[in-house]
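One structure is given here, and the rest of the page talks about it.
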Amino acid sequence: MTDNLTPPIDDISDDDKLWALLAYIFTPLIPIILLLIEDKKNRPFIRAHLAQALAFGVVALVINIILSFIVIGCITALATLGIQIYWGIKAYKGEYIEIPVVSKFCKDQGWA
């Protein structure tokens, strides 16, 4: 189901898909770099994934650092990496990702 906020699928280039993949896997570094590249951050597909990847990456980084002092931190770090790879692959296929809390937050802030 598509809503009014998602751009048409045929507007997505292979370059957009690659940047979305990289944004999820190497978050928060790649999303920060993409914010500095004017023509990339204005592409609708990249912008939608960029905001989510950055927000998720910052939250995941903080949680993983806090939990790294106990054994469960290793498990959460591996789970986070697995989720990031999964979302990156879905983005590379041209799909929009709906992260339960993060997507709504990004849309409410006007980032996505």
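Every number in this text was worked out from the coordinates using simple rules, so none of it is lab data. Remember, predicted model here, so these are calculated numbers, not experimental data. FYI the Cβ positions are ideal-geometry reconstructions off the backbone, even for glycines, and counts take in every protein chain you see.
Listing for the model above:
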{"quantity": "Förster radius 30 Å - calculated FRET efficiency between ILE37 and LEU67, Cβ distance, rounded to 0.05", "calculated": "0.40"}
{"quantity": "Residue among LEU67, GLN84, ALA20 farthest towards the positive dipole end of the chain, charges placed on Cβ", "calculated": "LEU67"}
{"quantity": "Cα shape, the chain, gyration tensor, a/c 1.5 rule", "calculated": "prolate"}
{"quantity": "Reachable lysines from LYS104, criterion Cα separation under 20 angstrom, eight or more residues apart if same chain", "calculated": "LYS41, LYS90"}
{"quantity": "LEU18/TRP111 FRET efficiency (R0 30 Å; Cβ-Cβ; nearest 0.05)", "calculated": "0.90"}
